[in-house]
Structure formats: structure tokens, C-alpha cells
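Below is one structure, written out as C-alpha cells, with a few remarks after it.
The values are calculated or read from the model by the stated rules, or taken from the named source; none is laboratory data. These numbers come from a predicted model, not from an experiment. Neighbour counts are summed over all protein chains in view; Cβ atoms, including those assigned to glycine, are modelled from backbone coordinates with ideal geometry. Keep in mind that these areas ignore ligands, DNA and RNA; they rest on the heavy atoms of the full protein, side chains included. Shrake-Rupley method; radii C 1.70, N 1.55, O 1.52, S 1.80 Å.
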2 protein chains.
Amino acid sequence: MSLPVVYYGSVVNPVSLKSFKALGACLIAVSSTGNIDWIVEDVHDSMVQETMGAHGYLDVEVVCLQDGEFLIPGFIDTHTHAPQVPNIGSGQSYELLEWLERITFPTESMFQDPDFARRTYTSVVRRIIDSGTTTCCYYGTIHLEATQVLFSNYLILHADYYLGQRAFIGKCNMDRNSPSYYIEPSVEVSMAATKALISHIKQLPSNPHAAEPLVQPILTPRFAITCTSPLLSSLGQLAASDPNLRIQTHISENLAEVTFTKSLFPECSSYAGAYDSFGLLRANTILAHAVHLSDDEITLIAKKKSGISHCPTSNFNLSSGVAPIGKYLDHGIKVGLGTDVSGGYSPSILNAIQNASIASKVIAMQTRGNPDASAEFSNKQLSVASLLYLATSGGAEVCDLENSVGSFSVGKSFDALQVNVRNNAGNPAMWGSDSGPRSLEGMLEQFLFCGDDRNISRVYVQGKLIGGTATR
Amino acid sequence: MSLPVVYYGSVVNPVSLKSFKALGACLIAVSSTGNIDWIVEDVHDSMVQETMGAHGYLDVEVVCLQDGEFLIPGFIDTHTHAPQVPNIGSGQSYELLEWLERITFPTESMFQDPDFARRTYTSVVRRIIDSGTTTCCYYGTIHLEATQVLFSNYLILHADYYLGQRAFIGKCNMDRNSPSYYIEPSVEVSMAATKALISHIKQLPSNPHAAEPLVQPILTPRFAITCTSPLLSSLGQLAASDPNLRIQTHISENLAEVTFTKSLFPECSSYAGAYDSFGLLRANTILAHAVHLSDDEITLIAKKKSGISHCPTSNFNLSSGVAPIGKYLDHGIKVGLGTDVSGGYSPSILNAIQNASIASKVIAMQTRGNPDASAEFSNKQLSVASLLYLATSGGAEVCDLENSVGSFSVGKSFDALQVNVRNNAGNPAMWGSDSGPRSLEGMLEQFLFCGDDRNISRVYVQGKLIGGTATR
């Protein structure tokens with residue numbers, strides 16, 4: 001239980017896919033629970049104490065942001081693979097299925113050694129936090145003990161949080177079409193390990209003030225290719241018994257994968273239809289990639305209210321394709337961003353933002369002269385407002401966390417980044433705001449396109465400072 | 001005049017568009033001139049002193065690289081705009097012509113104040129050096145004095161080099177289709193300033209051991225739209241009087257620009273044909289962008305042996321298009337990389353490498369099922385070897401410097417980066433080589449895709465240490 005804190009300064013707050021608020025002198029009060037107690041916009045500095053007093057905040061610490069600093073909601077990475085981080089930046093010459101065989105599965109299999117997992121995962125999570133990710137959806141490996149280790153990096157240690165990131169962590173289910181050295185021997189073994197992991201998590205202590213535990217299990221059938229129908233069926237039954245349990249999997253990333261999947265499920269209408277037939281498409285299902293969906297699949301996913309994790313860096317890097325995100329948004333599908341390390345070569349959502357912009361421009365250029373005038377987003381480039389939204393509020397929707405994170409509003413958790421775009425951040429690729437006057441909107445755009453971890457001085461989750469340059 | 005130095009350790013040396021050497025225990029001797037005196041590959045550490053002695057190197061300093069460190073040739077940025085660096089990361093919602101009007105010209109016009117130029121350019125060049133660029137082709141503004149300032153950042157100061165980068169610096173020629181506040185009043189004024197700048201440079205002291213002065217002027221007709229025929233004609237005459245004078249300009253970046261250009265030169269066969277008609281296409285001409293060339297233009301450029309500066313980040317960012325670099329390589333055209341700040345949002349050639357990879361994959365994906373089997377590079381993704389080559393040797397060819405920089409060989413200048421891919425570099429996006437064994441080829445790929453300025457510990461030009469984290 002920490003003391004309440006009031007933050008005073010510039011704040012960027014996503015409102016919708018089309019707008020955000022850029023507030024110059026905002027007060028955000030975070031109570032001792034880590035939740036936002038009240039927000040007052042446009043407060044002259046002579047009125048700060050009076051405003052606080054009117055809310056009963058007497059003798060409360062005020063953190064004043066400097067010029068060139070602002071708060072934004074923390075980034076939400078809706079798709080990444082913790083055990084692949086050691087491969088980051090490798091294997092970009094391959095496409096998906098060959099890349100899994102040559103690069104990914106050999107490394108993931110090393111996590112059968114819990115000591116290796118312990119050494120690796122602590123560093124992995126630290127890096128991802130410092131990159132500005134406050135909520136992360138992790139794929140682990142097939143190994144129960146290693147995945148418990150990934151959880152244990154979040155455990156309460158001496159009555160305090162160890163790493164403190166908000167996260168969903170899943171043990172991969174894989175009982176076919178996987179190498180002999182990296183496969184689960186049966187449906188029963190796969191399900192038993194999955195259930196054991198869920199029990200393990202539910203016994204862990206958690207922050208009583210958060211709307212939900214900071215760290216939660218997530219069902220993780222790797223993808224349809226590596227799961228038999230009986231396994232998918234058992235996972236669907238388990239999901240049905242716990243409506244709050246999130247589900248994550250891959251869909252339609254690569255054309256060869258789509259063809260192979262259809263051959264494995266000839267009785268299903270489509271790739272998405274296969275997941276749906278096992279009860280795995282629901283409002284808290286996170287579908288990674290979705291590069292090659294048919295119109296029927298788009299309609300199905302929209303109807304089921306499942307979310308899509310857009311992973312543009314990975315989709316370019318593995319030559320998977322360019323996901324038509326604008327089209328999905330026009331269909332009302334929830335979309336967040338994912339780094340998909342190590343299909344993607346960066347752990348930073350900033351890089352995903354830059355490549356989501358590029359992906360949208362590639363589609364806009366391809367369809368130039370043939371725009372869909374009635375559409376709001378299809379075939380158009382994503383604006384700064386849209387990019388910010390996808391990285392924060394959109395990700396929250398995809399994680400079924402839109403009532404607790406993704407933007408600043410009263411009652412939500414204070415999951416935030418303190419951004420510093422001044423020269424003293426030490427990023428030579430960023431022309432510091434102290435080298436010339438700049439609007440807050442301009443600083444935001446510059447941060448999204450030129451920023452890196454050095455421009456993130458503080459990372460907060462549930463009100464607690466857990467990373468950023470100020471903690472290093 | 002410095003002392004000779006011998007570097008001992010891992011070296012990556014580009015050989016061709018299809019291969020590079022990864023050498024584990026290499027000796028590179030740099031004489032006091034800053035040129036490479038001899039290279040011996042595969043030297044066991046017990047043989048280092050003997051090898052040096054056999055070359056007459058007695059009592060010479062040996063710089064030993066650690067595990068996780070290696071040398072590569074310095075990056076060559078064949079296209080950037082020094083006065084646009086303050087805008088970096090801004091204006092990505094616009095396409096070229098609107099972006100020039102709204103973002104670029106207003107900022108460039110501020111350089112009529114030489115004090116503003118002095119403050120700005122020193123920081124600009126410092127950032128670009130620390131990003132690993134050892135040779136840079138700069139556009140200045142139309143202002144003579146400001147562009148002289150850009151040169152003066154390179155001047156000998158107390159008998160030593162001030163910043164020390166190898167560079168070509170041009171004053172833009174613009175006598176039409178420019179805003180009233182940012183245009184040259186006549187051909188005569190534009191030419192007089194151009195000639196004054198060239199004279200100014202030629203009087204400057206230079207390193208007597210370099211094959212050519214480190215800093216040289218370059219003719220810079222901004223692009224055909226902003227130059228009248230009489231101006232282009234005068235520039236062509238000036239070029240003819242000095243065959244060694246490099247020329248840089250833009251070509252076929254954006255479709256609206258191409259259409260406008262053709263309307264301005266109805267008598268010319270094409271955009272490239274317009275430059276050619278004024279004698280501006282020759283073996284030391286650098287053509288930036290080249291996104292939308294016709295087959296006739298490709299043939300013409302190949303025949304004239306002009307080089308192309310591929311600026312993929314900018315081409316994506318301003319929705320210009322995707323340049324078919326593989327096709328140009330198959331036509332034998334020289335190609336280097338350019339950051340094109342601030343059309344591009346990063347000053348780092350590493351970012352250009354990543355986006356050149358993406359651009360080539362976008363083309364490969366678009367032409368999937370229709371590959372040109374007889375072609376080596378057309379419609380195919382660029383390999384790591386190709387990307388490395390474009391960033392170094394290819395850039396050297398484009399700058400007509402292939403005999404002095406771009407790779408390590410005897411007689412060439414020692415323009416090099418000492419790369420550090422260990423965790424102590426402090427880049428959280430890079431999984432350090434000390435966290436797990438990795439081949440030198442693997443470390444190179446990881447550096448190209450995950451590296452940033454923190455992974456560049458030393459930047460050498462003509463044998464002299466001029467930047468990198470070790471100097472900060």
C-alpha cells in the first residue's frame with residue numbers, strides 16, 4: 001500500500017481511433033490503491049493546491065512534470081513470445097513454417113531446463129517493461145515448470161511486487177505437427193499441465209486493489225496446426241467452465257499455414273471457423289496476425305467480438321503479408337498491437353507503431369485510385385490518433401481490460417509512461433524539445449516515430465513505479 | 001598525424017551483393033596516414049606479435065576487440081537533409097509536395113540566420129556520426145552562409161579535425177516553384193552562391209593523406225521542379241568544367257511530382273531525360289529515391305553509370321511508393337542507402353537497412369507467384385549480405401568513393417565502426433551476445449535488425465576516432 005500521489009503536467013489521453021486529448025496542465029490523482037481517483041484538466045499552477053484540497057488531498061506528494069515531459073497510458077503488447085526473445089533479430093530470411101522449424105522450436109525446447117528459464121525470463125520481462133509495455137500477453141513454451149517460472153518473476157517478494165508488469169501468461173498447447181523434441185505426448189498431458197498452471201496462478205497472492213489480478217493465466221493453443229481436434233475440444237470445454245479466462249492463438253498469418261490448416265480441418269468452413277467450432281472464439285479471445293482472413297471470417301470474428309493483435313513488424317519480417325487493419329476497424333473488430341518477438345525484431349511497441357503506420361501506407365498505396373469512399377479506415381493510412389489508440393486503448397479492448405486500463409479516467413488503474421523528449425534523454429535520433437518549441441501533439445508524434453526506451457523515464461503499473469530510465 | 005594502430009579481433013567485410021566475410025581473428029593495420037596498410041586473416045593470438053614484426057610494426061599499439069565486438073566498414077548515408085533534422089518525426093501524414101510546403105520549407109528558411117545554422121548543424125552532424133555514418137551526403141539550404149557553416153563544422157581546429165566526418169555538402173539551387181520566402185531570386189544569384197561555396201571549400205585545409213579531401217562540395221539542384229532550364233543548364237556547364245565534382249538531386253520520388261516535372265519539361269523524354277539533357281547524369285551523380293522510373297529511364301541511368309540512393313523509410317513515410325531496388329541491381333545500377341531525414345524519421349542507416357529489407361519483402365510478396373526466375377535480385381527479398389553491401393560498399397560506389405572507402409582492403413581509408421552487441425551496451429532491444437553463444441554472422445544480423453547507436457562504441461574516419469559511445 002503506497003501513499004496517494006498527484007501528477008501535474010502535460011498528458012496525452014486517447015479518446016477514440018480518431019482523436020486524443022493533448023492536455024497542457026492536467027492534475028491526475030492516484031489513490032493509494034493505484035487507481036485514478038480524480039482528474040482535473042487545465043489547472044493553472046496557482047490553483048494546484050486549492051484543487052487538491054477541494055478533493056481532500058492535503059499533504060499529498062505532487063509530481064510535477066517538466067517541459068518536454070508528458071504522461072501517456074502504458075503500452076499494451078497483445079502478442080509476444082517470451083522464450084523467443086533470445087532469438088530476437090535472427091532468422092529474417094525465412095517464412096513462418098521454416099522459421100518455426102529452424103529458429104524457434106530449437107530455442108523454445110531449451111526451456112525444459114527451469115534454470116535456463118529463470119535466467120532468461122527475468123531479463124526478458126525487464127527489457128519489455130523498460131520498453132514501455134505495462135500490459136503484456138505472453139506465450140511461454142510447452143513446459144509447465146518453465147512457465148511457472150515466468151509467472152514467478154511477478155511474485156510478491158518481501159510483500160512487494162517483484163517486476164510488477166500486468167500480464168497474461170500462457171503455456172503453449174502442442175500435440176501434433178511439432179518436432180519430436182518439442183511436443184506434448186498426449187491430450188491428457190497437455191490438459192493436465194494447462195490446468196496445473198491455472199491452479200498455480202490462482203493461488204498466488206495478488207494486488208487486492210486491482211479490478212483483476214495483475215497476472216493471469218491465458219489459454220494458449222499455439223495454433224490449429226499444432227493442436228489435434230481432441231485437444232482443441234478439451235481446451236474449449238475448459239474455456240466454457242471459466243468465462244473470464246482469456247484465450248490467445250495465431251490465425252491466418254501465412255498463406256502456407258492457412259492452406260495446411262484447412263487441410264487439417266476439412267470439415268470446418270475456414271481457419272476461424274475451426275477455432276469457433278471448438279468454442280474458442282469469444283469476446284476475450286486474442287487472435288494474432290489475421291493477415292489473410294476471408295470476408296466470412298471477418299464477419300464471424302466481428303460477431304464473436306474477438307480481438308485481433310496486429311503484428312506488423314513480424315508480418316513484414318517473415319514475409320507473411322500486410323494485414324488490412326483499416327478494414328477490420330470498419331467492421332468494428334477490436335484491434336491492438338503486438339510485437340510478436342521474435343517473428344518481429346523489436347520488443348518495443350514504438351516499433352510496432354512505426355510499422356503499423358508503414359503497413360497502412362503500403363495498403364493505401366496499393367489501393368490508390370480505388371479508395372472505398374464510404375469506409376472510415378479501409379485502405380487509408382492510420383493517423384497518429386489511431387496509432388496511439390491501437391497501442392493503448394485498442395490493446396485494452398483486445399485484452400478485455402478496457403474498463404481498467406488503456407486510457408486515463410476515474411476508476412481505471414494508473415498504468416502510465418512518463419515520456420521525456422528532451423535532449424537529456426540521450427537518444428540522438430530524437431531532436432529534443434528543448435532545441436526548439438513544439439506543441440504537445442508534435443512531441444507525441446515525434447515520440448511515436450523517433451522515440452526509444454531512453455525516452456521513457458518512468459513506467460507505472462497500478463500506480464507503482466516499475467521501470468524506465470529513472471529506475472536504472 | 002597519429003601513430004599507427006593495429007586492430008585485432010572479429011571483422012565483417014562486405015565482398016559483394018551476395019557475400020561478406022566474417023573473420024574471427026583478423027589483424028588490420030592502419031598506418032599513421034589513416035589508410036589500411038595491411039590485413040592478415042585468421043591470426044592465432046600467439047602469432048600476433050610475429051605477424052606485426054614481419055610487417056615492420058614494432059612497438060605499435062594493438063587494439064584488441066572483446067567477445068561480442070567486431071569491426072565493420074562505416075555506414076554511408078547517400079542522401080539526407082541537414083536542415084530538416086529539427087523536423088525529424090514530424091509530418092508523416094503528408095505526401096511529398098504538401099509536406100515540402102507545410103513542414104520542410106518553413107524550417108529550411110530559418111537557416112538564413114547563420115547563428116541558428118551554427119547551433120543546429122553542430123548538433124545535427126554529431127548525432128549522425130554517433131549513429132554510425134562515416135560518409136554523409138548532405139543537402140543544405142539555399143543559403144550560402146549557412147551552408148558554409150555546415151562546412152565549418154568540419155574545419156581544422158587547433159590543427160585537429162573538429163567533427164571529422166567524411167562528407168559531401170551542397171547548397172540547394174531553387175529558382176522557381178518555391179515559396180516567396182524561400183527561393184533564389186535569379187539564375188545568376190544561385191550560380192554565384194554555388195561557385196562561392198565551391199571556392200570556399202577548396203581553400204579549406206584538408207587531410208593530406210586522404211585520397212580526396214574529407215569534405216567536398218556537391219552540386220545540388222534540389223529537383224527539377226524547383227530549377228528553371230537556364231539554372232539547370234548553368235549547373236550542367238559548371239559540372240562539365242569539373243569532372244570530379246559530384247552532383248546530387250531527387251528523382252521520381254512521388255507520382256504527383258513526376259507528373260508535374262513532365263509538364264515542366266515537355267520537350268524531354270522523361271524525368272531522367274530532363275536531367276540528362278542538361279549534362280547532369282554522370283558516373284558521380286547521386287539520384288535520390290527513384291521510386292517510379294520507367295524502363296527507358298532505368299536504361300538511361302545504367303548507361304550513364306549514375307547511382308541511386310534508396311531511401312525506404314522516407315518512401316514509406318511519405319507514401320511515395322516502394323522502389324524496385326532488386327530490378328535496379330539486376331540492371332547493374334549502383335545503389336546505396338539514404339536516411340532522407342526528415343522525409344525519413346531516423347538518422348540511422350540501421351533503420352534504413354531494416355526498412356530496405358521490408359521494402360524488398362513488400363515487393364517480393366506483391367509479385368509472389370510471378371517471380372522473374374532469370375533475375376538475381378528483382379522481386380526478391382534482400383539478403384543480409386545485400387543489405388550490408390548497400391549500406392557500405394554500395395554507398396561508396398554511389399559516392400564515387402569505391403576506391404577509398406566502403407570495405408576493408410589495403411590502401412583504402414580506415415572508415416570503420418566498432419560494434420558492441422553485448423548487454424553492457426545498454427540497448428534492451430538487443431539480446432546480448434554474452435547471454436548465449438552466437439556466430440559472427442548471427443551477431444551481424446542481430447546488429448542490423450536490433451542495434452542502435454548504443455551498440456556503436458567507436459566511429460573511425462580516416463583512421464581517427466570521431467564518435468561512438470566510447471567518446472561520449
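Straight-line cross-link partners of B:K303 among the aspartates and glutamates, defined as a Cα under 17 Å from its Cα and at least 8 positions apart when in the same chain: B:D276, B:D295, B:D330, B:E397, B:D400. About its Cα centre, chain A has a charge dipole of approximately 340 debye under the convention of +1 per Lys or Arg Cβ and -1 per Asp or Glu Cβ, with nothing else charged. Expressed as a whole percent, how much of the Cα-Cα distance distribution for the stretch B:249-329 exceeds 17 Å? Of all Cα-Cα pairs in the stretch B:249-329, 40 percent lie more than 17 Å apart.
Farthest toward the positive end of the dipole of the protein assembly as shown, out of B:G467, A:M365, A:Y460, is the Cα of A:M365, where the dipole comes from beta carbon charges about the Cα centre. On the beta carbon distance between B:S32 and B:E98, with R0 = 41 Å, the FRET formula returns roughly 0.20. Our note on the geometry: Cα centres of the stretch B:255-304 and the stretch B:172-191, 21 Å apart. Using a cutoff of 8 angstrom between alpha carbon atoms and counting only pairs six or more residues apart, the relative contact order for the stretch B:382-472 works out to 24 percent. Applying a threshold of 27 Å to the alpha-carbon distances of A:K171/A:K380; B:K18/B:K412; A:K327/B:K361; B:K171/B:K304; A:K361/B:K327; A:K171/B:K380 flags A:K171/A:K380; A:K171/B:K380 as lying beyond it. Taking the chain by itself as reference, the stretch A:352-369 contains these residues with an accessible-area loss of 30 Å² or more in the full protein complex (1.4 Å probe, heavy atoms): A:I358, A:K361, A:V362, A:M365, A:Q366, A:R368.
Against the criterion of solvent-accessible heavy-atom surface with a 1.4 angstrom probe, A:R282, A:R222, A:R458 sort, most first, into A:R458, A:R282, A:R222. Computed with the Debye formula from one identical point scatterer per Cα of the stretch A:416-468, without solvent, the log10 of I(q)/I(0) at q = 0.12, 0.24, 0.25, 0.27 Å⁻¹ comes to -0.26, -0.87, -0.92, -1.01.
Considering every alpha-carbon pair of the stretch A:112-264, the percent of pairs per 10 Å bin, from zero through the bin containing the longest distance, is 11, 38, 34, 15, 2, 0. Shown for the protein assembly as shown: the carbon plus sulfur share of the solvent-accessible area, taken with all protein chains present and a 1.4 angstrom probe, equals 52%. Label-to-label distances for B:H209 across copies, nearest first, come out at 6.4 nm, using points 7 Å from Cα in the beta-carbon direction. Please determine, in degrees from 0 to 90 and to the nearest 10, the orientation of helix B:187-202 with respect to the longest principal axis defined by the Cα atoms of chain B, where the helix direction is its Cα long axis. Around 20 degrees separate the two axes. The C-alpha atoms of chain A define a longest principal axis, and helix A:349-366 lies at about 70 degrees to it.
Comparing B:V125, B:L388, B:A211 along the charge dipole axis of the protein assembly as shown, the residue lying farthest to the positive side is B:L388, per the Cβ-charge model. Working note: Cα atoms of the stretch A:346-472, range along each principal axis, descending, whole Å: 50, 38, 28.
Per-residue ellipticity at 222 nm, computed for chain A from helices alone with -39500 (n - 2.57) per DSSP H run of at least four residues, works out to -9000 deg cm²/dmol.
Between the stretch A:1-60 and the stretch A:194-251, the C-alpha centres lie 36 angstrom from each other. With contacts taken as Cα pairs under 8 Å and at least 6 residues apart, the stretch B:75-398 reaches a relative contact order of 19 percent. Remark: spin-label model distance A:S233-A:K202 equals 2.4 nm, labels positioned 7 Å along the Cα→Cβ axis. Over the protein assembly as shown, all Cα pairs binned in 20 Å intervals from 0 give whole-percent P(r) values of 14, 45, 33, 8, 0, listed from short to long. Normalised per residue, the accessible area of the stretch B:29-183 is 36 Å², obtained with a 1.4 Å probe and no contribution from ligands, DNA or RNA. In the context of the full set of protein chains, residues of the stretch B:259-356 present 26 Å² of accessible surface per residue (probe radius 1.4 Å, heavy atoms only). Computing FRET efficiency as 1/(1 + (r/R0)^6) for B:S46 and B:S2, where r is the C-beta to C-beta distance and R0 is 30 Å, gives about 0.60.
Placing unit charges on the Cβ atoms only, positive for Lys and Arg and negative for Asp and Glu, gives the protein assembly as shown a dipole magnitude near 280 debye about its Cα centre.
With 20 Å bins beginning at zero, the pair-distance distribution over Cα atoms of the stretch A:75-398 amounts to 34, 60, 6, 0 %. Here the stretch A:329-458 is assigned +1 on the Cβ of each Lys and Arg and -1 on the Cβ of each Asp and Glu. Its dipole about the Cα centre then comes out at about 300 debye. On a per residue basis, the convex hull of the C-alpha atoms belonging to the stretch B:1-91 measures out at 172 Å³.
Given R0 = 60 Å, the distance between the Cβ atoms of A:S269 and A:R119 translates into a calculated FRET efficiency of 0.85. For the pair B and A, the buried accessible area comes to roughly 4100 Å² in total, with a 1.4 Å probe and the value rounded to the nearest 100.
When a/c is below 1.5 the answer is rounded, else prolate if a/b is larger than b/c, else oblate, so apply that to the stretch B:79-138 with a ≥ b ≥ c taken from the square roots of the Cα gyration tensor eigenvalues. Oblate is the answer for the stretch B:79-138, as a/c is 1.5 or above yet b/c matches or exceeds a/b. At a threshold of 40 Å², the residues of the stretch A:79-102 that become less accessible to a 1.4 Å probe in the full protein assembly than in their chain on its own are A:P86, A:I88, A:G89, A:Q92. Placing a label point 7 Å from the Cα of B:Y162 along the Cα-to-Cβ line, the residues of the stretch B:109-129 whose backbone N sits under 18 Å from it are B:111-129.
For the stretch A:308-322, a drop of 30 Å² or more in accessible area on going from the chain alone to the assembled protein chains (1.4 Å probe) is found at A:F316, A:S319. With a ≥ b ≥ c the root eigenvalues of the C-alpha gyration tensor of the stretch B:302-400, is it rounded (a/c under 1.5), prolate (a/b larger than b/c) or oblate? Oblate is the answer for the stretch B:302-400, as a/c is 1.5 or above yet b/c matches or exceeds a/b. Principal-axis analysis of the Cα atoms of chain A puts helix A:255-264 at an angle of about 50° to the longest axis.
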